[in-house]
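Take a look at the structure below.
The numbers here are math on the coordinates, done by the rules we state, and not lab data. Predicted, not measured: the structure shown is a model, and the values here were computed from it. For neighbour counting, all protein chains shown are included, and Cβ atoms are generated from backbone atoms with ideal geometry for every residue, glycine included.
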């Protein structure tokens, strides 16, 4: 069985591939959309669920294979939920992680910086085929706060700014196994894999 992983983000690809490899489901080969030359669709959804389904359907239609996709982002209450679905392009369509982080800190500073609560959200979907009317959908959330300056060199995205209050460390200060155990993406992927595994095992 082959499954397309619908992402062009190298950090996500490494993270999801690592976790899928340890899911305990044998006989499943995961290929990226890049390996199949599928490209990425325009993310026009207003929610993480809509965007994840768009990406999975795009890959399933063009490959003829089942597809897994995720959409994730950071929500900051003090910013009205921003950056939300625009997390990857918060500072502009060509922005990199550093630019997005700088904008996030600037926006919080402009509002006084008193409320620094934040939540990472991840929605993961599994489409058995492009016209699947009942896709598997899983959601994970990771609650924390935004620190005043980046810390750590692991991870990607907003990880250097997002601190887990129970651990007192940012996502970028956590080793991969520790991050997988707590992160929004780890939660969503474990739930999705459980559903896929149950189907494969019958």
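Per-structure values
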| read-out | value |
| --- | --- |
| Acute angle (nearest 10 degrees) that the helix 10-21 long axis makes with the longest principal axis of the chain, alpha-carbon atoms | 50 |
| Percent of beta bridges antiparallel (DSSP, segment 2-201, rounded to nearest 5) | 75 |
| Centroid-to-centroid separation of segment 67-142 and segment 168-202 [C-alpha atoms, Å] | 17 |
| Segment 19-136: relative contact order in percent, alpha carbon pairs under 8 Å with at least 6 residues between | 29 |
| Burial ordering of 55, 179, 103, fewest other beta-carbon atoms within 10 Å first | 103, 179, 55 |
| Neighbour-count order for 199, 173, fewest beta carbons within 10 angstrom listed first | 199, 173 |
| Likely footprinting exposure, 59, 122, fewest C-beta neighbours within 10 Å first | 122, 59 |
| Packing-based order for 161-170, 32-41, using average beta carbon neighbours within 10 Å, highest first | 161-170, 32-41 |
| On Cα atoms only, tilt of 184-201 relative to the major axis of the chain in degrees | 10 |
| The chain - percent relative contact order, Cα under 8 Å, separation 6 or more | 18 |
| Taking segment 126-179 and dividing mean pair separation by its residue count, relative contact order in percent (alpha carbons under 8 Å, at least six apart) | 26 |
| Inverse mean reciprocal Cα-Cα distance (Kirkwood Rh) of the chain, Å | 17.3 |
| Over the chain: helical MRE at 222 nm, DSSP H runs n ≥ 4 each giving -39500 (n - 2.57), nearest 500 | -10500 deg cm²/dmol |
